[in-house]
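To keep things clear, I will list the structure first and then write my remarks on it.
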Amino acid sequence: MKWHGEYCFGETWIAFRGMSAENNLHAHAALQLVAGAGITVTDDNTFEKQGNGWLIPSGVKHRITTSSPIVILLIEPDSFFANALQPSQQKGSEVQSLSLEMLDTLLADIPLRDMMNKLETLYHQNNSVIDARLISAMTYLNSIDKRPTVELIGKHLGLSVSRLRALSTHYFGVPFSKIIVWKQVNLAFQSLAKGASLADAAYNAGFADQAHFTRILRDTIGVTPGQTQNMDKQ
């Protein structure tokens, strides 16, 4: 079964709204938030939790079961955004219920992109003005049609790899190489939405091959490329 719905990307996250595919017990790197009606989360010990919203920590094996549309947010676990959503004193390996405020935000009847803008405003910890050099790096990353690398982008801007890494870590909480991975996944999703084959989508996004794309997607957000082909970009 494939996923049916809409999605949008940020620098360190992907949000989905719609019907999820059936899934086996799995784990992935991303911190996950899921909201909807009557969601059952089963963990590695086959213990079931039922409710309308859950936070699933990075690396925790789980399976989600629901017959209703849901909202899923998958976030790079070391990012400032993830740290704001899951403060260090609350981190662990336990599935946690979402607050009513979080549920109200995730389930608001507004465009998905507007919902994410509101969520980032509420929970993003780093409110400093982004460095102009990092803005230039993001702009160049979004404009190039070749396989992106930290070295390529740093050279274009006259920045060393270490300096670009430091700027990205200061603002986003993760090195620029992680930003590139999320961008590549975004590009691959766009290609799939336009009808590209898995191999072409992987190539267009700068992955080494289809197997590389499949592995990165599965490890990062816990789905396979084939499951995402009915998702529409918002």
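The values are calculated or read from the model by the stated rules, or taken from the named source; none is laboratory data. Because the structure is predicted, anything quoted here is derived from the model rather than measured. Every residue, glycine as well, gets a Cβ built from its backbone with ideal geometry; the counts of neighbours run over all protein chains shown. We work out accessible area using only protein heavy atoms, side chains counted, and drop any ligands, DNA or RNA first. Shrake-Rupley method; radii C 1.70, N 1.55, O 1.52, S 1.80 Å.
Summary table
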item: Tilt relative to the chain, helix 210-221 - C-alpha long axis, 0 to 90 degrees, to 10; result: 60
item: 222 nm mean residue ellipticity, helices alone, for the chain (DSSP H n ≥ 4; -39,500 (n - 2.57); rounded to 500); result: -12000 deg cm²/dmol
item: Percent carbon-and-sulfur accessible area, the chain, ignoring ligands, DNA and RNA, probe 1.4 Å; result: 49
item: Kirkwood Rh in Å, taken over all unlike Cα pairs in the stretch 125-208; result: 13.4
item: Residue-normalised accessible area of the chain, expressed per residue, 1.4 Å probe, Å²; result: 48
item: Protein-only accessible surface order, largest first, of 115, 19 at 1.4 Å; result: 19, 115
item: Equivalent ellipsoid semi-axes - Cα gyration tensor, the stretch 1-125, angstrom; result: 20, 18, 13
item: Inverse of mean 1/r across different Cα pairs in the stretch 70-200, Kirkwood, Å; result: 16.9
item: Relative contact order (percent, whole number), the chain, Cα cutoff 8 Å, 6+ residue spacing; result: 23
item: Potential extension, residue 44-residue 149 segment - 0.36 nm per residue separation minus Cα distance; result: 34.2 nm
item: Over the stretch 3-42, equivalent-ellipsoid semi-axes from the Cα gyration tensor in Å; result: 18, 15, 10
item: Inter-centroid distance (Cα atoms) of the stretch 170-212 relative to the stretch 92-163, Å; result: 15
item: Crossing angle, helix 161-172 versus the chain [Cα axis fit, 0-90 degrees, rounded to tens]; result: 40
item: Simple label model, 7 Å out from Cα along Cβ direction - residue 25 to residue 130, nm; result: 4.0
item: As computed over the chain, the Cα convex hull volume per residue (Å³); result: 121
item: Sequence ranges 201-207, 145-151, ranked by mean other-Cβ count within 10 angstrom, highest first; result: 201-207, 145-151
